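Q: Okay, handing you the structure first.
The values are calculated or read from the model by the stated rules, or taken from the named source; none is laboratory data. The shown structure was predicted, so the numbers you read here are calculated from the model rather than taken from an experiment. Methodologically, a virtual Cβ is constructed for each residue, glycine included, from the backbone with ideal geometry; neighbour enumeration extends over all protein chains shown.
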Amino acid sequence: MRAMILAAGRGERMRPLTDRVPKPLLRVGSRSLIEWHLKRLADAGFHEVVINHAHLGESIENALGDGSRFGLAIRYSPEAEALETAGGIANALALLGNEPFLVVNGDVFTDYDFAQARRLAIRMRADGLLAWCVLVSNPAHHPSGDFGLMGERLVADAVDGARLTFSGIGLYEPALFAGIVAGQRAALAPLLRRAAERGLAGAEHHHGHWTDVGTPQRLAELDAELNRQEPIR
């Protein structure tokens, strides 16, 4: 099973920090955001990881190399201009294979157990699902949430108060991206909503640690937290 880390975003809200350093390479605690993901993916038994990039992408390749120092094989999917989430994934499908794959945003920090992905992929195939989304409780900066959760199915049209926030972590069948041409910009949310409306998207509520590191303040707060305690493993 392969994993993909989304690392192509410009990080406008992180400026000026991201003027010279791509957001996934910003450090929290003892390593960069993307290195936390790589460590946890390797610990979970992953061997192959795809990373897309656009803004300062060469810096990401130079910092991470072929992945061997993490016990991984990294392949890169460069984008001349960021293709948004679904566009970036569709552009990398040739590197991701024909089985369900795990995707995680490069600018979140979490203790979600990536080792669950293999079990969930088997379940997706058995249930005919196109996606499995990890949801979290709504953070203060996103109180209205994104999707509902009914049992273990994603709900597209839940009302405010019944919605949770999409964590940026999901498993997807390649077929979810059918119709998106390589190099085409496309958002992920509409695909997930359509899959949910057809009963083809599973979901779970992760109650553990999750931070959307979207602003300098949240970056500083997470860095301080990690420096006060043992790193989350």
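Q: Where the second residue is surrounded by fewer than 24 Cβ atoms within 10 Å (Cβ to Cβ) and the first is assigned to a strand (DSSP E or B) and lies in the stretch 20-37, which pairs have Cβ atoms under 6 Å and are six or more apart or on separate chains?
A: Listed pairs, sorted by first residue: Val28/Leu222; Val28/Asp223; Val28/Leu226; Ser32/Leu25.
Q: Out of all the residues in the stretch 55-76, which are in contact with a strand residue (DSSP E or B) (Cβ under 7 Å, 6 or more places away or on another chain) and either in a helix (DSSP H, G or I) or in contact (Cβ under 8 Å) with a residue 40 or more places away in the chain (or both)?
A: Within the stretch 55-76, Gly57, Ile60, Glu61, Leu64 meet the criteria.
Q: Among what's in the stretch 166-191 and is in a helix (DSSP H, G or I) and over 22 Å from Phe109 (Cα atoms), pick the residue that is farthest from the chain's Cα centre (by Cα). Before the answer, list the steps.
A: Going through the stretch 166-191, the residues in a helix (DSSP H, G or I) turn out to be 174-177, 189-191.
Then drop every residue that is not over 22 Å from Phe109 (Cα atoms), which leaves 174-177, 190-191.
On the way: Pro174: 16, Ala175: 18, Leu176: 16, Phe177: 16, Pro190: 16, Leu191: 15 Å.
Per the stated criteria, the residue is Ala175.
Q: Let me ask something else about it. Regarding the stretch 175-197, can at least one residue be identified that is surrounded by fewer than 19 Cβ atoms within 10 Å (Cβ to Cβ) and touching a strand residue (DSSP E or B) at 6+ places or on another chain (Cβ under 7 Å)?
A: Within the stretch 175-197 (the criterion being surrounded by fewer than 19 Cβ atoms within 10 Å (Cβ to Cβ) and touching a strand residue (DSSP E or B) at 6+ places or on another chain (Cβ under 7 Å)), the answer is no, since none of the residues qualifies.
Q: Does the stretch 91-113 hold any residues that are assigned to a helix (DSSP H, G or I) and in contact with an Asp or Glu (Cβ under 8 Å, 6 or more places away or on another chain), and which are they?
A: Within the stretch 91-113, just Asn91 meets the criteria.
Q: For the stretch 3-14, indicate whether the set of residues that are part of a helix (DSSP H, G or I) and either buried (at least 18 other Cβ atoms within 10 Å of the Cβ) or of a type in the set (Val, Ile, Thr) (or both) is non-empty.
A: Yes, that holds for at least one residue.
Q: So, one more: Of Leu135, Leu129, Leu154, Leu95, which residue is of a type in the set (A, V, I, L, M), modelled with pLDDT of 95 or more and within 16 Å of the chain's Cα centre (by Cα)?
A: Leu135
Q: Under 9 Å between Cβ atoms, at least 6 apart or on separate chains: pull out the pairs that start in the stretch 114-129 with a residue that is free of Cβ contacts under 8 Å to residues at least 12 places away in the same chain and of a type outside the set (Asp, Glu) and end on any residue that is outside any helix (DSSP H, G or I) and surrounded by 15 or more Cβ atoms within 10 Å (Cβ to Cβ).
A: Going by the 9 Å Cβ cut-off, the qualifying pairs are Gln116/Ala44; Gln116/Glu204; Ile122/Pro100.
Q: Yes or no: Ala82 under 19 Å from the mean Cα position of the chain (by Cα) and either more than 30 Å from His207 (Cα to Cα) or surrounded by fewer than 13 Cβ atoms within 10 Å (Cβ to Cβ) (or both)?
A: Numbers: under 19 Å from the mean Cα position of the chain (by Cα): yes; either more than 30 Å from His207 (Cα to Cα) or surrounded by fewer than 13 Cβ atoms within 10 Å (Cβ to Cβ) (or both): yes.
Criteria met by Ala82.
Q: Restricting attention to the stretch 110-129, does a residue exist that is of a type in the set (D, E, K, R), surrounded by 13 or more Cβ atoms within 10 Å (Cβ to Cβ) and within 20 Å of Ala8 (Cβ to Cβ)?
A: Checked the stretch 110-129: no residue is of a type in the set (D, E, K, R), surrounded by 13 or more Cβ atoms within 10 Å (Cβ to Cβ) and within 20 Å of Ala8 (Cβ to Cβ).
Q: From the residues in the stretch 134-164 that are touching a residue at least 40 places away in the same chain (Cβ under 8 Å) and of a type in the set (Val, Ile, Thr), which one is surrounded by the most Cβ atoms within 10 Å (Cβ to Cβ)?
A: The qualifying residue surrounded by the most Cβ atoms within 10 Å (Cβ to Cβ) is Val136.
Q: Also, I was wondering about something else. Please count how many residues of the stretch 206-230 are loosely packed, with under 13 Cβ neighbours inside 10 Å and touching a residue at least 60 places away in the same chain (Cβ under 8 Å).
A: 3
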